[in-house]
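What follows is a single structure, written as structure tokens, with notes after it.
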Amino acid sequence: MQIFLATNTRIILDFNLRISGKIFLITVISEINNLKMNYKIKLIGILLFLYSCKEKSKPDFSAIDQELSELTSLGLRRDYLEKIYENDMKFRQGQAAEIMVKYGKNSAEYGSFLEKWNALDLENLYRVERYFLKFGYPSKDEFGEKAALTPWIVIHHSGSYEGKERNFGTIYQAFLIGDIDAAAMTLFLGRMHEEKYHERLSMENPYTAEEEINALIAKLHLEVKK
């Protein structure tokens, strides 16, 4: 398990879980009560990542572009992003375990569930990417934390290294201007490192979040636009 502390008010836990031979990524974002020094866990989502999930066929971009053309106000764009977030989370509320227990891991029902899950993840990834092309990354100040966090969440556990790589520039710029915090950026890059090299980046303590981010960018050979 890795712990990434973004600020003195938030903490992110990232660890792997093996179920029936498959590896899942579990991510929990928490809040810390500074005055009482108690952890107040706000479960934003259990983000389950299937390593075997790859990009296959691309969706109908014309349908997605039509959706985006109807977002004529900030409020509509915020609602659109939050709906993506909610759709992303609906398969991550314990349904997988319930269906596997009820029907069995080799059942048609469980297989159909996983297919729908992976298809939704890929569809959401392309929705976010088309959103970037039209509007750019959503500002946390304008749209709120939930909507601003949506693209990062979708890309982070999309199951596609290629998707993370091609969206790195947008994610990194969002980090630089404060729409994504250091913990989320470190988690994003750390997952890319593990997907590419099958291990976590090892660094000698002590080091700062900025030093870790820079080390990960260098190790992954990612291009940073100045």
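The values are calculated or read from the model by the stated rules, or taken from the named source; none is laboratory data. The structure displayed is predicted, hence computed values, not measured ones. Counting neighbours? That spans all protein chains shown, and the Cβs are built from the backbone with ideal geometry, glycine included.
For the stretch 211-226, filtered to residues that are among the acidic types (Asp, Glu) and surrounded by 11 or more Cβ atoms within 10 Å (Cβ to Cβ), the residue that is nearest to the chain's Cα centre (by Cα) is 212.
Tell me the residue from 75, 94 that is modelled with pLDDT under 85 and small (Gly, Ala, Ser), please. I'd like the intermediate steps shown before the answer.
Values: 75 fails: modelled with pLDDT under 85.
After ruling out the rest, the residue left standing is 94.
Scanning the stretch 215-226 for residues that are outside any helix (DSSP H, G or I), closer than 23 Å to residue 158 by Cα and in contact with a helix residue (DSSP H, G or I) (Cβ under 7 Å, 6 or more places away or on another chain) yields a count of 2. The single condition among (1) surrounded by 11 or more Cβ atoms within 10 Å (Cβ to Cβ); (2) without any contact (Cβ under 8 Å) to a residue 12 or more places away in the chain; (3) of a type in the set (Asp, Glu) that residue 123 does not satisfy is (2).
Could you list, in sequence order, the residues of the stretch 170-214 that are among the hydroxyl-bearing types (Ser, Thr, Tyr) and either part of a loop (DSSP other than H, G, I, E, B) or in contact with a Gly (Cβ under 8 Å, 6 or more places away or on another chain) (or both)?
Here is the first cut: in the stretch 170-214, the ones among the hydroxyl-bearing types (Ser, Thr, Tyr) are 170, 172, 186, 197, 202, 207-208.
Once the filter is applied, which keeps residues that are among the hydroxyl-bearing types (Ser, Thr, Tyr) and either part of a loop (DSSP other than H, G, I, E, B) or in contact with a Gly (Cβ under 8 Å, 6 or more places away or on another chain) (or both), the stretch 170-214 yields 170, 202, 207, 208.
Across the stretch 127-147, the number of residues qualifying as small (Gly, Ala, Ser) and touching a residue at least 60 places away in the same chain (Cβ under 8 Å) comes to 2.
It is to be established whether one or more residues within the stretch 187-210 are surrounded by fewer than 11 Cβ atoms within 10 Å (Cβ to Cβ) and closer than 17 Å to residue 167 by Cα.
No, every residue in the stretch 187-210 fails to be surrounded by fewer than 11 Cβ atoms within 10 Å (Cβ to Cβ) and closer than 17 Å to residue 167 by Cα.
In this structure, is residue 155 β-branched (Val, Ile, Thr), over 27 Å from residue 209 (Cβ atoms) and at pLDDT 95 or above? Taking the combined requirement at face value, the residue does not satisfy it. No other residue among 145, 129, 82 is among the acidic types (Asp, Glu) and more than 24 Å from residue 186 (Cβ to Cβ) apart from 82. Against the definition (more than 29 Å from residue 218 (Cβ to Cβ), out of contact with any Asp or Glu (no Cβ under 9 Å at 6 or more places or on another chain) and assigned to a helix (DSSP H, G or I)), how does residue 165 come out, yes or no? Against the criterion (more than 29 Å from residue 218 (Cβ to Cβ), out of contact with any Asp or Glu (no Cβ under 9 Å at 6 or more places or on another chain) and assigned to a helix (DSSP H, G or I)), residue 165 does not qualify.
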